[in-house]
Amino acid sequence: MLRVIHASDLHLNTGADKQYGLEVLRELIGLANSRQADFLLLAGDLFDSFRDLKDNALLAAVRLELQALRKDCRALYIPGNHEDLGRGHKDKLSNFNFGRLELMADAASSFGGKTAETPDAEFVCVPHAADYSGYRGWKLPAKTPGRARVLLMHGANSAVYRGPDQEEQLAGVIPDSLFAWLEADYAALGHVHAARETLIGGALAVYCGSARVWRKWEEGPRKAVYFEIDGGKIGPRQDLTLGSAGEFRFFTLPVNPDSSIAPAAMQALLDKCPAPYKDYLVVKFSGLVEDANALAEVKKVVETVIGAKNPRRLEVLSDDVESCGGLAENALARQFLEKLDARRPPEGSPGMPLWLAARRQGLAALAGGQD
């Protein structure tokens, strides 16, 4: 029996997120050890760019982390489209020392990659390419009876692509027909940062999603996928949440006409931000205010209060808040806010967008009727 962990899109870099990314890699290695995994599959974009990959200090840190991987576990790695960013024609990944990380790329092979075989499974590892349309010409042996065939690939697929997404459009498109042609049982895919899976041509095509929060709007827990192969059969998948990755969280914070924030609203936000945590947090102000300068001061206060909880990244946005003079002294507006705020739905609930729209539209109508 084989135990396998599939992860992708860690986007290790030399910037402010360097230690954060290495912590997530460390957790992946710890999961592989605790599950006694035989294979750790890394489906591309392990590095954020070729410039990051060739940074000696970062690559040395990756090698050091991988030394902790159990000796019976093989870490198979294919480069994704990000490893090609800034890479020249003469730059060869094979020139780098990846340590325990097995670079499953071979420019001399018909598909640009390598294979790995065990009695239970055969792994076909295909590095990212701009065009996969020539897959019928790949020189691969016929699938061995009694073995599961696992593809390790990086790219977008029409069965799961939900665009428009500029990032997803930057990768080669994996044709649906490829999976049946290669007689795959499981496709461990990278590139799409949301976790998705679907059955295509007899193969279970699985995007495990990005192993860490790389950009805004990547909501939900980050994870890897664990599965077992026994007697050539793929077993059930299990999600392994990566706690060190944190999550992307978005909150709206209603602002009153005098630029104040209701204590209950602020407390509700703080209650959802336990410390310490690794979350990427975006707080967006919503409403109409009388004095934009006063709003700037409130923004600083909110940044300080939430920043004290030490989120990995914090952005407080106030661009959508409009100024409207005289509204703060409007008695009807104050009554309107008191009644509406008493009915504020929970943050993130389906009713929140409607409540915010009603609040904004009501204040705008009151502001327009002042004269």
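What follows is calculated from the coordinates using simple rules that are stated; it is not laboratory data. This one's a predicted model, so the numbers in the text were calculated from it and none came from an experiment. Cβ atoms come from the backbone with ideal geometry, glycine included; neighbour counts cover every protein chain shown.
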**Q.** In order through the stretch 108-121: 3J(HN,Hα) via Karplus (6.51 cos²θ - 1.76 cosθ + 1.60), integer Hz, x for Gly, Pro
**A.** 7, 7, 5, 10, x, x, 9, 10, 9, 10, 9, x, 9, 8
Q. From the residues 33, 285, 21, which one has its Cα farthest along the dipole of the chain in the positive direction, the dipole being from +1 and -1 charges on Cβ of Lys/Arg and Asp/Glu about the Cα centre?
A. 33
Q. Taking R0 as 51 Å, what's the FRET efficiency between residue 349 and residue 18 from their Cβ-Cβ distance, rounded to 0.05?
A. 0.90
Q) Could you give the nm distance between label points at residue 159 and residue 230, where each point is 7 Å from its Cα heading toward the beta carbon? A) 2.5
Q: Write down the radius of gyration of the stretch 247-368 and its Dmax, each obtained from C-alpha positions, in Å.
A: 14.3, 45
Q | GNM result for the chain, Cα springs below 10 Å: residue of 317, 189, 240 fluctuating most strongly | A | 317
**Q.** Linear extension gain, residue 89 paired with residue 317, 0.36 nm per residue minus alpha-carbon span
**A.** 77.9 nm
Q: Could you check the simple spin-label distance between residue 365 and residue 219, using points 7 Å along Cα→Cβ, in nm with one decimal?
A: 2.8
Q: Go ahead and run the numbers for FRET between residue 107 and residue 72, Cβ-Cβ distance against an R0 of 35 Å, rounding to 0.05.
A: 0.75
Q. Given a Förster radius of 51 Å and the C-beta distance between residue 96 and residue 305 as r, what FRET efficiency does 1/(1 + (r/R0)^6) yield to the nearest 0.05?
A. 0.70
Q: Place a +1 charge on the Cβ of each Lys and Arg in the stretch 247-368 and a -1 charge on the Cβ of each Asp and Glu, then give the dipole magnitude about the Cα centre in debye, rounded to the nearest 20.
A: 460
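Residues with beta-carbon under 12 Å from that of residue 219, excluding residue 219: net charge, scoring Lys, Arg +1 and Asp, Glu -1?
+1
Starting from 0.36 nm per residue, how many nanometres of slack lie between residue 357 and residue 199 once their C-alpha separation is accounted for? Don't skip to the end; give the middle numbers.
Working: separation 158, 0.36 × 158 = 56.88 nm, distance 3.99 nm.
Taking 0.36 nm per residue and subtracting the Cα distance, the gain is 52.9 nm.
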